[in-house]
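Taken together, the values in this text are just the output of simple stated rules run on the coordinates, not laboratory data. Values in this document were obtained by computation on a predicted structure and should not be read as measured data. Every residue, glycine among them, receives a Cβ derived from its backbone with ideal geometry; neighbour counts consider all protein chains shown.
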Amino acid sequence: DKAPLSKVKVGVIDSGADTHNPTMDGSVSKVLKFGYVPGASSKVTDITNANSAIQDMSDGRHGTFVSQIIAGKAVQGSTAGDALGIADIYAGQTTINSAGQSYTSVNFEAMRYLQEKFGVKLFNGSWGGTTGKLADDLTQQFALEVVQNGGLIVLAAGNEAKLISSDLSQMPSYVDGLEQGFLTVVGLNTEHTDLYYNSATKTGSNACGATASRWCLASDYVNGPYYDADKGNQLFGGTSGAAPTVTSAAALVWSKYPW
């Protein structure tokens, strides 16, 4: 008989996760809000038992869709998560408004907090930041601490159709010791022949670029459909969707080979 695969805790650092969405039933252990405090540690609030609007504050339910890609159940024809039954979601709500903006340092502070308090080691960041701007010192510090303590960080490359990935996804190029626990994810077109590009909007996946090429992987830019209680099933596009498919694969590998 095959031994059952062990659960893997996955930190989804995003707009939160709606545990009331039926796809998320049994897949989310914690939803924590990280509130930015200037010059001090973030204020952490447990919103695991809050209502849907509080648990995922984004207009598009971004964090909930990301969580579905990793560990969502199939509901009314939606797509099941790639690591369903394996990934145990710890959602860190770091966004400060419904548009999904956040403080970069808080994103990585949330990873470090979940690692210290709950033993989470695998993290998904479906946000790319901008290109051409280095991460601040505090962001670099938290990211390095996560990796030094056995963590793996998976970040989206960004959707600006640039020839290089976002500043955050290039961090191992200027932070020594980060590369061993860091992956950047770009998004492919449906045919898997090139990076996804929308000529009408001039948007699409950023490329790995020479800077991030050593820790860069590719997955589908458009995924789904996934279930939304208000709008039904929807496709989810962007490197925001490509990243959690890689995070899911990492969870499956980690579950079978925990060393």
| task | May I ask you to evaluate 6.51 cos²θ - 1.76 cosθ + 1.60, the Karplus curve with θ = phi - 60°, for each residue of region 83-93 and list the ³J(HN,Hα) values in order in whole Hz, giving x for glycine and proline? | result | 10, 4, x, 10, 7, 10, 7, 10, 8, x, 7
| field | the chain: relative contact order in percent, alpha carbon pairs under 8 Å with at least 6 residues between | value | 21
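For the chain, list the DSSP H helices whose alpha carbon atoms reach 20 Å or more along the long axis and whose average Kyte-Doolittle value is -1.0 or above?
104-118, 239-256
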| task | Can you check what the Kirkwood hydrodynamic radius comes to for region 41-193, Cα pairs only, in Å to one decimal? | result | 16.6
| remark: Output row, site L138, 7 Å Cα→C-beta label point, backbone N cut-off 14 Å, window region 72-106, residues 102-106
| Qualifying trypsin sites (Lys or Arg not before Pro) for region 1-106 [loop in DSSP, other Cβ within 10 Å: at most 11] | K2
| What would the Debye formula give as log10 I(q)/I(0) at q = 0.11, 0.19 Å⁻¹ for the alpha-carbon point model of region 104-229, no solvent? | -0.38, -1.01
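Based on the mean of other beta carbon atoms within 10 Å per residue, what is the order of 217-228, 165-176, most packed first?
Highest mean packing first, the order is 165-176, 217-228.
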| Tell me, how many Å apart are the Cα centres for region 82-141 and for region 1-80? | 12
| message | Based on Cα coordinates alone, diagonalise the gyration tensor for the chain, multiply each eigenvalue by 5, take square roots, and list the semi-axes in whole Å, largest first. | response | 24, 22, 19
| query | If you keep only loop residues by DSSP, which chymotrypsin sites (Phe, Trp or Tyr not before Pro) in region 13-72 have at most 15 other Cβ atoms within 10 Å of their Cβ? | reply | Y36
| note | In the neighbourhood of I153 defined by beta carbon distances under 12 Å, the net charge of the other residues (Lys, Arg +1; Asp, Glu -1) is 0
| Taking H as built 1.01 Å from N, whose amide H comes closer than 5 Å to the amide H of K162, not counting residues under 5 places away? | N206, A207
